[in-house]
């Protein structure tokens, strides 16, 4: 049995989001996250595309819980230019009645440090203040995801960011904490648990690649009791971050394997 507070990234289920709705519903899902529609990032999705997928969502009794933008995943100097795209994404989130909208907080390719760390932090905080304020006006909760190339990556740096933004929540994705720059994901979890609202469910194995839940080095077994207990978290199944594994040759097959692994993990097998 799948947890009741579970959603899936729709673009990971099938390349065609309409077909993905049917498949997700058939596997028992009732919530989805929108990251892109027909290969178009969600913040750039057209009104007709949104209307078309809304029909499929209603047909299969699916609710959009998260609009997962890439707004803020850019160089520090480009953050001010992200606001227009974010405002468009907010309108899309409101159209689908999503509770959450994902943002990022600037990157340095390769995970390096900005030339002026203090100025970078100020720019990031200014961006987050704008994003949080815009989201709150529309009663949507902004959720920050920490990218492997994030300017602020350590537990201490992330804690400082969210403490300065009371309206901001976090998306916990331990695979992205170890894929490039290794940070103890459990330390991140216990330090920032009170601000975590979303949890990406997939795994990563050192020296290999992304894996189904419970088949990597993310420490999921230690968190299973807390995830299974009553809580206010939304769990997001991310089947391999778009990568295929095992005998799967399509996204739909990858999705099916991920659901199988999640079911086994949830039952304690």
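Taken together, the values in this text are just the output of simple stated rules run on the coordinates, not laboratory data. Fair warning: this is a prediction, and the values are worked out from it, not measured in the lab. All Cβ positions, glycine included, derive from the backbone under ideal geometry; neighbour counts span all protein chains shown.
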Relative contact order (%) - the stretch 21-139, alpha-carbon pairs under 8 angstrom, separation at least six: 26
Could the peptides 99-107, 142-150 be put in order, highest first, of the mean number of other beta-carbon atoms found within 10 Å of their residues? 99-107, 142-150
The stretch 49-73 scanned against label point 7 Å out from residue 179 along Cα→C-beta; backbone N under 20 Å for 66-73
Stretch gain in nm, segment residue 232-residue 116, where the contour uses 0.36 nm per residue and the Cα spacing is subtracted: 38.0 nm
How high is the relative contact order of the chain? Use alpha-carbon pairs under 8 Å, at least six apart in sequence, and give a whole percent. 18
For residue 54 and residue 83, compute 0.36 nm times the residue count separating them, minus their Cα-Cα distance, and round to one decimal in nm. 8.0 nm
